[in-house]
Amino acid sequence: MIRAHTVEQVREGEAALMATLPGGALMQRAAYGLAHAVVDYLGGAYGRRVCLLVGSGDNGGDALYAGAVLARRGAYVEAWLLSENAHPGGLAALRQAGGRTRGLDTSSPSGSAYSTSLGWSSRERAQRATVSRPFDVVLDGIVGIGGRAGLKPEAVAALDALAGVPVVAVDVPSGVDVDTGELGDSSVSADVTVTFGTHKAALLVDPAAQAAGAVHLVDIGLDPHLPAAPVEALQADDVAVLLPTPDPDAHKYTRGVVGVRAGSATYPGAGLLSVAGASCGLAGMVRYVGDREVLDLVRAAHPEVVGGGRVQAWVVGSGSADGARGTLEEALADDVPLVVDADALAHADLARGCPAVLTPHAGELAAMVGADRAEVEARPLAHARAAAATYDAVVLLKGRRTLVAAPDGRVRVTMSGTPWLATAGAGDVLGGVVGALLASGLTPYDAASAGSWLHGAAATLASRGGPVVAGDVAHALPGLISALLHP
Ligand SMILES: NC(=O)C1=CN([C@@H]2O[C@H](COP(=O)(O)OP(=O)(O)OC[C@H]3O[C@@H](n4cnc5c(N)ncnc54)[C@H](OP(=O)(O)O)[C@@H]3O)[C@@H](O)[C@H]2O)[C@@H](O)CC1
Ligand SMILES: [K+]
């Protein structure tokens, strides 16, 4: 499991850990981990050119101490000090290791520093002429978990001056909101983020997760001092533990029956693909209830599917068009868990308080809560949590990083998947898989998060780096499940 803790939790854990260690030990652990990650990234240290962007806090201190390690290993290291209060111990260590430091030219008009002459004094400008080769990497030590969203003008100017140089962010990309994953007006866009002790929401949740690039976690011994994480991401072994497996004396009814009420004469494909997802093999039987034409198509493609009857979970709404409300009401009458998708989401208030998984994309969630789509995309974590509380149901907000939010505020992020999964009908397959897991007895939160992970991983498996259609994702599921159960 990947766990993301809040800034407050990290601070408390850090205080408990520091009480057991000599002063400065944690920063040294962080700095060495950071330096080694940078060496890995660059393929070495000797002769490499490293620029440190250093703010006023301990995040800058990490960058300076890591810079000292790199300088001792033969890198040319230059620290650009964005504040007059850079970490004194880190500064001394860097200088002692042969690194250079450059400060803002305080005579430069505010905001122009770094943008034209980079704000250097004339002595520094002369030095700069001798080191005018571009850098190999920038370490973003502007702000870490103590930072507010957005960047100050001098940081923006420095980043502009370094445009095109790969960025390794220290702990988090500066300028993001660490606990919400939202972006400030300006923020760092990193190739790699080296984070300390535990993940943070901004490293898992978009849009900030996109600004973090590849995330590398450095163990600094914080784990035993951390409580349960409010945001987490299932990994393959976590999903394997959640997967329902048949008892030796199982029969199809004890394994759970999933019913699909999706598709219509206008949209038969939605019914077919929902059934394809539900037929992943995790439930004992699949029923289909819908228009005769669609039922005929479903039976032709999936001869094992039967018609109406008792079910342990329903999948409702995709391609139901005008019939969505009636279909949802019929499903609710059975008083079993359900997946509410697509057209049925407009009537999701009928399912309030039921054991349900609502599966909107950003546009659908925006319509449900009366917001703009862009607003949902800018603040997906906040919106998914608010909708889960409002509807008293699990909300699965689809996206590059799908979020599964429970009414009590817990969130799981789906890290599996491929951009090729952005394809018609993929959501129908997802609804079917989640429905099968609900029918097998998983809670809505586990069914939604495990189903979403399986869906993404099946897409990656089917795609092999190339295009994929929704039916391929469904076909890849049984093989993926076998591989998880027998690694
Ligand atoms: N926790 C751990 O286990 C460990 C933590 N470690 C490290 O410590 C880091 C946290 O350090 P920290 O607390 O000193 O805060 P940090 O983020 O460096 O700076 C905050 C200062 O920046 C300023 N500022 C704020 N917003 C700003 C903005 N948008 N743009 C510009 N400036 C801004 C603001 O000052 P102000 O501007 O208000 O004067 C504020 O005081 C953490 O991320 C990790 O790297 C490791 O060393 C060891 C293990
Ligand atoms: K940073």
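Observations
- Mean Cβ neighbour count within 10 Å, used as a protection proxy, ranking 436-448, 296-308, 368-380, 347-359 highest first: 436-448, 347-359, 368-380, 296-308
- Shape category assigned to the range 20-70 from the gyration tensor of Cα positions, a/c cut at 1.5: oblate
- Rg ratio (alpha-carbon, reference 2.2 N^0.38 Å) - the range 257-365: 0.97
- Taking all pairs of distinct alpha-carbon atoms in the range 439-487, Kirkwood radius in angstrom: 11.4
- Using C-alpha pairs below 8 Å separated by at least 6 residues, the relative contact order for the range 395-487 is 29 percent.
- Working note: Cα atoms of the range 1-114, range along each principal axis, descending, whole Å: 44, 35, 29.
- Sum of side-chain charges, A362 neighbourhood, beta-carbon under 13 Å (Lys, Arg +1; Asp, Glu -1): 0
- Under the Karplus curve 6.51 cos²θ - 1.76 cosθ + 1.60, θ = phi - 60°, whole-Hz ³J(HN,Hα) for the range 360-365, x wherever Gly or Pro sits: x, 8, 4, x, 5, 5
- Relative contact order, percent, the chain [alpha-carbon distance under 8 Å, six or more residues apart]: 12
- For K252, the aspartates and glutamates whose Cα falls under 20 Å of its own Cα, not counting residues fewer than eight places away in the same chain, are E304, D334.
- The range 236-485: relative contact order as a whole-number percent, Cα under 8 Å and 6+ apart: 22
- Taking the DSSP beta bridges with both ends in the chain, the antiparallel portion is around 20 percent.
- Applying the Karplus relation 6.51 cos²θ - 1.76 cosθ + 1.60 with θ = phi - 60° to the range 215-220 yields 3J(HN,Hα) values of 9, 10, 9, 9, 6, 10 Hz, where x marks Gly and Pro.
- Projecting the Cα atoms of L53, V156, P224 onto the charge dipole of the range 2-231 (Cβ charges, centred on the Cα centre) puts L53 farthest toward the positive pole.
- Counting Lys and Arg as +1 and Asp and Glu as -1 over every other residue whose Cβ lies under 12 Å from the Cβ of V275, the net charge comes to +1.
- For the range 2-231, Kirkwood radius (reciprocal of mean inverse C-alpha pair distance, Å): 17.5
- Against the chain, whose longest principal axis comes from its Cα atoms, helix 444-463 is set at around 80 degrees.
- Entry for the range 126-243 at q = 0.10, 0.12, 0.15 Å⁻¹: log10 I(q)/I(0) = -0.36, -0.49, -0.71, Debye formula applied to identical alpha-carbon scatterers, no solvent contribution.
- Net charge contributed by nearby residues that have their C-beta within less than 13 Å of R299 (K/R +1, D/E -1): -2
- Angle in degrees between helix 268-278 and the longest Cα principal axis of the chain, rounded to the nearest 10: 70
- For the range 183-289, dividing the convex hull volume of the Cα atoms by the residue count gives 196 Å³ per residue.
- Over the chain, dividing the summed -39,500 (n - 2.57) contributions of all DSSP H runs of at least 4 residues by the number of residues returns a 222 nm mean residue ellipticity of -12000 deg cm²/dmol.
- Gained length - H251 relative to D322, 0.36 nm times residue gap less alpha-carbon distance: 21.9 nm
- Evaluated over the Cα positions of the range 152-217, the convex hull gives a direction-averaged projected area, one quarter of its surface, of 4.0 nm².
- Rule-of-thumb Rg ratio for the range 273-430 [Cα; 2.2 N^0.38 Å; N residues]: 1.04
- Residues in the range 170-203 reached by a label modelled at A378 [backbone nitrogen below 18 Å; 7 Å Cα→Cβ]: 175-188
- Axis angle, to the nearest 10 degrees, between helix 470-485 and the longest C-alpha principal axis of the chain: 80 degrees.
- According to the calculation over all Cα-Cα pairs in the chain, the P(r) per 10 Å bin from zero is 4, 19, 25, 19, 15, 11, 6, 1, 0 %.
- Using a Förster distance of 30 Å, the FRET efficiency for D392-Q235 (Cβ separation, nearest 0.05): 0.55
Any read-out appearing in this document is the output of simple, stated calculations on the displayed coordinates, not a laboratory observation. None of these values were measured; they are calculated from a predicted model. In this analysis, Cβ positions are derived from the backbone assuming ideal geometry, glycine residues included, and neighbour counts consider all displayed protein chains.
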